[in-house]
Structure formats: C-alpha cells, structure tokens
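Some notes on the structure that comes next.
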Amino acid sequence: MTDPTHGLNGSDRRFNTLVIELAIRLFAIGALIYWTFIIVLPFAAIILWSVVLAVALYPIFRIVAEILGGRPIAAAILMTIAGLVLIIGPVTWMAVGAIDPIKAVMAGIETGDIAVPPPPPSIKDWPFVGEQLYSFWLLASTNLRSAFTQVLPQLKPAGEFLLEMAKSAGAGTLKFLVSVLLMGFILAAAPQMLAGARALSRRIDPSSGEKFVDLAGATINAVSRGVMGLSLLQAVVGGAGMYLADVPGASLLTLAILVLGIIQIGPLLVVAPVIFWGWTTLATGPALALTVCMLSVNYVDNVLKPFIFAHGLSTPIPVIFVGVIGGVLAHGIAGLFAGPVVLAVVWELTKAWIADDLKLVNETAAEPDFNVETSPALSSAQGVKNL
C-alpha cells in the first residue's frame, strides 16, 4: 500500500524509521563515548602507567603467586607494597639531597663562608661585556650578598621555571604512586582482564587480534627492560659511585642520569663533568675508580640494549627506537610505551598486508589467464602450396 500524502509505501516508512532510530542510537553512543573520554582524560596517564607496570611485572607476579601457594591477591598486595617502598625511598633520598646543597649555599652566603676570588684585570679588556662583568665580579668578591641581591630580578624567571618543574615533579610522583596502587588491582584481576582483551581483539580482527595483544605485551616488556630497566640500572650504579666519591649534588645527578636514560639522550651530559671533577679533585686511585664506574654507566646500554630488545620480539630494533623517541617527544614519558606499541602493531600489519599481496600475486601468476590453441606445424611443401 502507498501513502497518498507522502507517496511512501509501508516498507519505505519502516526503512526510514529504522534509519532514524539507528541515527539516534549512534548519536547517543557517540555522546556517551565523548563524555567518558572527557571524564577519563585527566586520569589517562595514571591508567596508562598502571597498565604498563602490570604488564611489565606480570611474569614476576606469577612467580610470587606460585611461591605464596597460588594466592594472586596476596601476591598483588605484596608487589604493591614493594613498589611503593621502592618509589618512596629513592624519591625521599633525592629530595633531601636536593635541599641540603641549597641550604648549605644559602647559609654560606649569610655567614660569609663562601668566598669569591677577585677578578683578573684582563677581564676589563673583553669586548662588550668586560667592564660590566669585572664590576659585578669585584662586587661579588667583596660583598656576595649585595651582588646576589643585584641579580635577583634577573634570576626570578629562572626561579619560577624551577618552581614549576618542582611542582610538575611532585605531581608526577604522586600520579606514579597512584599508578602503583592501581597496578595492584589490575594484577589481582589479570587473568580476567587478559581474557577480556583477547575477546575484544577477536571482535576487532578475528584472524590476528590475539596476536596483536601478545605483540603489545611483548613490546611493553621489551621497552620496560631495555629502557626503564637499563636507565634504572645506570642511575643506581652512577648514584652509588658518586655517593662513595662524595660528588656534590649526587642525588640530583642520579636523577638526571635516570631522566636522560629514559628520554634516550644518554647520561654523557652527567658522566663527563663528574669524571672531570674527579680528576681535578680526587687522588689518582679514587679518580680512576670513579672514571671506570661512570664509563660503565655511559656504555652499558650500548652493550645490553640490543640483546634485551631482540629477546622475544620480532619487531626490528630501529622501529622500537623510533617509537620510543617519537613517543617521548609527542606525549612525554607516557609515550615511552605507547609509541613502540603503536609502531610495532603497524609494522606487523604492514608485513601481513605485504605478505598477503605477494601471495595473491604469486597465485595469480601461477594460473594462466587464457589458453592458446596451437595448430600442428605445416611442412615446408604444404606451406609453399598454400602460398
């Protein structure tokens, strides 16, 4: 039957109704997803770090659970407590080590214990800045507090920048502590969550979904061992060596080694000045020992990192390096793991697509597109007769 008003039959009206209902449902689902994204976005870094820690520490969690008689909840609680202790202890040590040198410098300025030698007269002959530098240096040698007060307005932007860095470091530490707590809940429910991730991956890609879940886990483990683990090892070895050598600001330098290792710049910016300080301050034996320690810190990642990345990971090492560096530049420390995982999945997808295309080309080439019918050859006499 046809509607005389609109010229539509019953099936057309039902189709229009289904389209409208589908559009409303899609709009509602999209609005809910967007709203959820806005709500969860402030906690994205915490969730990402908790998942990364859970994946990286899952092999250790299984061993601990077996030792405790197959009790995953007790193992998760124990690993959470150990993680909190391992974080709070070094952070407290670094904070105290950063505050003490500043307090010592301020106390030295107040009491006059910090003395600045007078400037050499040749500084006056320097072009452009010679006179100003000589005058300021001379004032600092006679009245350091007055010189410090004179440059205080110029140092205010740098102080504000350092204060913002301290606030960011404090907020980052607090977020990491919350991530460790959330990691415990994830580890306790790890088998159920892994099964859910595999089921979701099969929905997205029935043929290769589970393989990409395993690839993501292997990439996170490789990066955590090859980047975070090695950076932590470098910081521990370098910090111990600087502490035994009584290097000034050893805690801040240890933190710098850790950060430089994570962002893939390398600890050379710390190692070189420390070695120079050792040979100009210490005796030959301690300076040589400090040099060996700091050089091992500088070159340990060049020796161990290729072996760690190559273990249990089919993705080429350059792809992982590009993912690590690009992820850090684009998303900060949180991109340290997101970048390699994304590039590893893209690499494997590209390999699969290329392999499928080559297989299709080979199968097509093996089957002829047409058959050529050939007639028996003519004798030369018969050919001449035909001509």
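The values are calculated or read from the model by the stated rules, or taken from the named source; none is laboratory data. Please read these numbers as outputs of a predicted model, since none were measured by experiment. Neighbour counts run over all protein chains shown; Cβ positions are idealised from the backbone, glycine included. The protein model used for the area step is the full one, side chains on, heavy atoms only, and it has no ligands, DNA or RNA in it. Shrake-Rupley method; radii C 1.70, N 1.55, O 1.52, S 1.80 Å.
The C-beta contact set for the range 211-238 (first residue within 17 Å of Ser251 (Cβ to Cβ), second residue open to solvent by 20 Å² or more (accessible area, probe 1.4 Å) and modelled with pLDDT of 80 or more, distance under 6 angstrom, 6+ apart or interchain) comprises Ser231/Leu258; Ala235/Leu258. The C-beta contact set for the range 250-274 (first residue surrounded by fewer than 18 Cβ atoms within 10 Å (Cβ to Cβ), second residue among the small types (Gly, Ala, Ser), distance under 8 angstrom, 6+ apart or interchain) comprises Leu252/Gly97; Leu252/Ala98; Leu269/Ala256.
Within the range 17-25, not a single residue is open to solvent by less than 70 Å² (accessible area, probe 1.4 Å) and modelled with pLDDT under 80.
Considering Val342, Val346, Val361, Val372, the condition of being modelled with pLDDT under 70, more than 24 Å from Val270 (Cα to Cα), open to solvent by 50 Å² or more (accessible area, probe 1.4 Å) and in a helix (DSSP H, G or I) is satisfied by Val361 alone.
Would you confirm, using the coordinates I've provided, whether Ala330 is part of a helix (DSSP H, G or I), at pLDDT 80 or above and hydrophobic (A, V, I, L, M, F, W, C)? Criteria not met by Ala330. When Ala75, Ala56 are checked against the criterion of being assigned to a helix (DSSP H, G or I), surrounded by 11 or more Cβ atoms within 10 Å (Cβ to Cβ) and modelled with pLDDT under 80, a single residue qualifies: Ala56.
Any residue at all in the range 314-321 that is closer than 30 Å to Ala250 by Cα, open to solvent by 50 Å² or more (accessible area, probe 1.4 Å), modelled with pLDDT of 70 or more and outside any helix (DSSP H, G or I)? So far as the range 314-321 goes, no, none of its residues is closer than 30 Å to Ala250 by Cα, open to solvent by 50 Å² or more (accessible area, probe 1.4 Å), modelled with pLDDT of 70 or more and outside any helix (DSSP H, G or I). Could you check, for the range 200-222, whether at least one of its residues is of a type in the set (A, V, I, L, M), modelled with pLDDT of 85 or more and open to solvent by less than 50 Å² (accessible area, probe 1.4 Å)? No, there is no match, as no residue in the range 200-222 is of a type in the set (A, V, I, L, M), modelled with pLDDT of 85 or more and open to solvent by less than 50 Å² (accessible area, probe 1.4 Å).
The test for being modelled with pLDDT under 85 and more than 21 Å from Gln192 (Cα to Cα) does not hold for Gly30.
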